[in-house]
1. Which part of the stretch 362-382 falls in the paramagnetic zone of residue 259, meaning amide N under 13 Å from the point 7 Å along Cα-to-beta-carbon?
2. Could you give me D for the chain, from Stokes-Einstein at 4 °C and 1.567 mPa s, where the hydrodynamic radius is the Kirkwood radius over C-alpha pairs? Units µm² s⁻¹, please.
3. Could you tell me which residue out of 359, 201, 334 lies farthest along the dipole of the chain toward its positive end? Charges go on the beta carbon: Lys and Arg +1, Asp and Glu -1, centred on the Cα centre.
4. Can you grab the distance from the C-alpha centre of the stretch 213-245 to the C-alpha centre of the stretch 142-167, Å, no decimals?
5. Setting aside same-chain residues fewer than 8 positions from residue 343, which lysines have a Cα under 19 Å from its Cα?
6. Amide H of residue 310 versus every other amide H placed in the peptide plane: which residues, excluding those fewer than 5 positions away on the same chain, fall under 5 Å?
7. In percent, how large is the relative contact order of the chain, given Cα pairs closer than 8 Å and 6 or more residues apart?
8. Would you work out the charge dipole size for the stretch 177-295 about its Cα centre, treating the Cβ of every Lys and Arg as +1 and the Cβ of every Asp and Glu as -1, and quote it to the nearest 20 debye?
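The values are calculated or read from the model by the stated rules, or taken from the named source; none is laboratory data. All values derive from a computational prediction rather than experimental measurement. Cβ coordinates were reconstructed from backbone atoms using ideal geometry, including for glycine residues, and neighbour counts include every protein chain displayed. Remember, those area values only see protein heavy atoms, side chains included, never the ligands or the DNA or RNA. Shrake-Rupley method; radii C 1.70, N 1.55, O 1.52, S 1.80 Å.
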Amino acid sequence: MNSRRNFLKHMSAAALAAGTTPTLLSWALPQSLSVDVPGEDGMILRSFRFVDLESPVEYFDTWLTPVPHFFVRNHMHEPSELNPTDWRLSVGGEVEKPLTLSLAELSKLETHSVVNTLECAGNGRGLYRPQVPGVQWGKGAVGTARFSGPRMRDVLQRAGIKSTGKHIMFRGLDEVPGKVPPFIRSIPIEKALDSDTLIATHMNGSPLTKHHGFPARALVPGWIGAASCKWITEIKLLDKEFVGNFMSPAYRLPNEPVKPGDTVKPEDTHPVTALNVKSVISGPNDGAHLKLGKIAVHGAAWAGESDISKVEISTDGGTAWSPAMLSREQAHYAWRLWTYDWKPAKTGDYVIMSRATDSQGRTQPSTPLWNPSGYLYNAADQVNIHVS
């Protein structure tokens, strides 16, 4: 607990330095507060209660996001103590041979690596109108890393999957405060058995840090970040989808489009799974004042389980579109970096927009499809600049 108290003391000092009281920060921040947290550099503090850190979009300039620049999403308190020697992963439920693995035993299994763009389902929530409750993420609750560890199917097959095992439940070592329901989620058996679904122990070639799930986490590529449980300690095979707060009513979308501001009954929703097609402009920054001449527009685009087929740029607010150049670095579940060289004809105010299209033929819409939880925001991105 001492480490948490020290961290919260550090956060309180940062808040006071910014003229914001901890009371205002106790849930979710509507404004941006840039902080440096041990292991995370220059991040935006979005939630004070459980520590949620957003990456500034200008960090989206490398294919693999450095760990200190990778966003942090916590639903509960991070574990106050993590001893890798004492850590155990239990596998039970609808299996023939329940088992428990130490970190040393897990490390003896064949290792597989997956480059994956991990995005919080609520990324962009703060951009919805009307606003919806929750952490008011901007554009930076997303990052791309090379995750490594044994395939989840190898562990499940070692335990022996019964025919009744249809869903896989994950429980982590998050510390649950008071009467808050524990963060427990499940995924269908088909996704768990995919050759790229991992029990990840490494990120960008190094052991996971505490903020990102040390000593092990689930890695469910192409799906929302909430599926990739951190600090995983229990895997349980179930005969049906797990019933709990973080499966319903949380992390669900309406079955049919709804009018902005409307409410939706839980029975009229379905679970959020794979990510949408999306692009973000990482430069120039919104509000930038630039000199007349060549301007490099750049950013990243991703599409969950699909591949990015093209990114288009508009410099006139969406009237005309031109193709951007995609970088050579690519992987199935990873974003593509892109660039577009633009030379404005005259000075003035401009609206630069980006939109991506994926291998399914999905293209970012001009306006987002509103939902009462603020999930999967993916409207065409835009920045306003002035050229003088």
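1. Under cut-off, by backbone N: nothing.
2. Rounded, D is 59 µm²/s.
3. Result: 201, furthest along the dipole toward the positive end.
4. So the separation of the two Cα centres works out to 10 Å.
5. Here the lysines satisfying the reach criterion relative to residue 343 are 291, 294.
6. Placed amide hydrogens put 357 under 5 Å from residue 310.
7. Numbers: 977 pairs, mean separation 61.0, N = 388.
Reported as a whole number, the value is 16 percent.
8. 520 debye
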